[in-house]
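Participant: This is the structure I have questions about; it appears just below.
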Amino acid sequence: MHKVLTLSIGDMKMFPPCVSQSKYIFSWLFFCLFLNGCASQVKEPSLCTESWYEYVESRVPTGDGMGHGPDLGSLEWRSVVEFKLGLRDQNLLPDRPSNGWCKAIDQFLKDHDE
């Protein structure tokens, strides 16, 4: 004679015990990756701002010491900054009107910080 095996739903476990722990681990991992992704989306503040121009001017004075000189941030001012840093006519910098120019000058100043 054959025995028939019957199980009630209460006796059955749908998932092994490690699955409930795994979902917490995966949830935590997903949360950390999500936060990391959000953090990488934070953009650096623009360097071509009035306060940044003042910082550069404090490092590379473009005026004559009597209050005369190009307007901060103007193309003329940028040209004088290049000249004072010895970078003019070397074709090493992005175009003066671009934000890339500010980034290159900022990096140059950081690299030559005393």
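Participant: Quick check: is even one residue across segment 35-46 out of contact with any Cys (no Cβ under 9 Å at 6 or more places or on another chain) and at pLDDT 90 or above?
Facilitator: Taking every residue of segment 35-46 in turn, none turns out to be out of contact with any Cys (no Cβ under 9 Å at 6 or more places or on another chain) and at pLDDT 90 or above.
Participant: Could you list, in sequence order, the residues of segment 57-114 that are in a helix (DSSP H, G or I), of a type in the set (A, V, I, L, M, F, W, C) and open to solvent by 80 Å² or more (accessible area, probe 1.4 Å)? I'd like the intermediate steps shown before the answer.
Facilitator: At the first step, the residues of segment 57-114 found to be in a helix (DSSP H, G or I) are 57-59, 75-85, 99-111.
Those left that are additionally of a type in the set (A, V, I, L, M, F, W, C): 75, 77, 80-81, 83, 85, 101-102, 104-105, 108-109.
75, 83, listed by residue number.
The values are calculated or read from the model by the stated rules, or taken from the named source; none is laboratory data. It should be emphasised that the depicted structure is a prediction, and the values quoted were computed from it without experimental measurement. Glycine also receives a Cβ, built like all others from the backbone with ideal geometry; neighbour counts cover every protein chain displayed. The accessibility values were calculated without ligands, DNA or RNA, using every heavy atom of the protein model including side chains. Shrake-Rupley method; radii C 1.70, N 1.55, O 1.52, S 1.80 Å.
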